[in-house]
Number of protein chains: 2
Amino acid sequence: MARVVVDVMPKPEILDPQGQAVARALPRLGFDGVSDVRQGKHFELEVDDSVDDETLAKIAEGFLSNPVVEDFVVRRVQS
Amino acid sequence: MARVVVDVMPKPEILDPQGQAVARALPRLGFDGVSDVRQGKHFELEVDDSVDDETLAKIAEGFLSNPVVEDFVVRRVQS
């Protein structure tokens with residue numbers, strides 16, 4: 001078994017209202033020095049060693065993200 | 001400036017219906033070998049170098065996660 005992490009983020013040209021709301025709120029709450037916040041999704045998958053990188057990319061692209069508005073990164077963190 | 005990543009995941013004892021839905025759907029869609037999926041949040045922050053780790057932990061605990069049901073990990077990826 002391997003643990004696979006998939007991080008899904010809005011593409012740079014896509015507005016991210018949730019992230020912007022956090023970034024705007026922090027100074028009001030007393031936390032300065034954070035100039036940008038982007039919010040995405042983080043998936044942790046338990047995967048058989050037989051599952052190859054191409055299959056993982058298909059899963060990430062088809063079922064964990066929306067490729068029109070999101071980018072994803074797949075990485076194996078443990079095997 | 002430094003880039004800081006905060007990953008927020010449901011605690012292990014918390015049910016994760018979104019992750020379970022993906023895990024159950026994958027075999028139906030022709031993808032075998034994925035035994036578990038957990039879904040959380042992934043934040044990317046642009047942070048002044050003056051912001052210390054204690055402040056980042058306060059931001060993550062107070063505003064990016066719900067510490068009752070979620071765990072978080074903070075890491076600096078670039079400085």
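Each value in this text was obtained by applying a stated rule to the coordinates, not by laboratory testing. Owing to the predicted nature of the structure, the values given are computational and were not obtained by experimental measurement. Cβ: placed from backbone, ideal geometry, glycine included. Neighbour counts: every protein chain shown.
Of note:
- Close pairs (7 angstrom Cβ cut-off, 6 or more residues apart or separate chains): within 11 Å of another protein chain (Cβ to nearest Cβ) and in a strand (DSSP E or B) in region B:53-79, surrounded by 13 or more Cβ atoms within 10 Å (Cβ to Cβ) and of a type in the set (Asp, Glu) anywhere: B:Phe72/B:Asp7; B:Phe72/B:Glu61; B:Val73/B:Asp7
- Pair list, Cβ under 8 Å, 6 or more apart: region B:20-47 residue within 20 Å of A:Met1 (Cβ to Cβ), other residue outside any loop (DSSP other than H, G, I, E, B) and of a type in the set (S, T, N, Q): B:Val22/B:Gln39; B:Ala23/B:Ser35; B:Phe31/A:Thr55; B:Gly33/A:Thr55; B:Val37/B:Gln20; B:Gln39/B:Gln18
- Residue match in region B:3-22 (condition: over 20 Å from A:Gln18 (Cβ atoms), in contact with a Gly (Cβ under 7 Å, 6 or more places away or on another chain) and at the interface with chain A (Cβ under 9 Å from one of its Cβ atoms)): no
- Restricting attention to region B:10-33, the residues that are touching a Ser or Thr at 6+ places or on another chain (Cβ under 9 Å) and of a type outside the set (Gly, Ala, Ser) total 2.
- Members of region B:59-75 that are closer than 22 Å to A:Pro27 by Cα and surrounded by 14 or more Cβ atoms within 10 Å (Cβ to Cβ): B:Ile59, B:Ala60, B:Glu61, B:Phe63, B:Leu64, B:Ser65, B:Phe72, B:Val74
- Enumeration of residues in region A:11-25 that are touching a strand residue (DSSP E or B) at 6+ places or on another chain (Cβ under 8 Å) and in a helix (DSSP H, G or I): A:Gln18, A:Gly19, A:Gln20, A:Val22, A:Ala23
- Failed criterion for A:Ala2 (all others in (1) surrounded by 12 or more Cβ atoms within 10 Å (Cβ to Cβ); (2) within 19 Å of B:Val6 (Cβ to Cβ); (3) among the small types (Gly, Ala, Ser) hold): (2)
- Within region A:26-52, the only residue that satisfies the criterion of being more than 19 Å from the chain's Cα centre (by Cα), facing chain B (nearest Cβ under 7 Å), surrounded by fewer than 16 Cβ atoms within 10 Å (Cβ to Cβ) and not in a loop (DSSP other than H, G, I, E, B) is A:Ser35.
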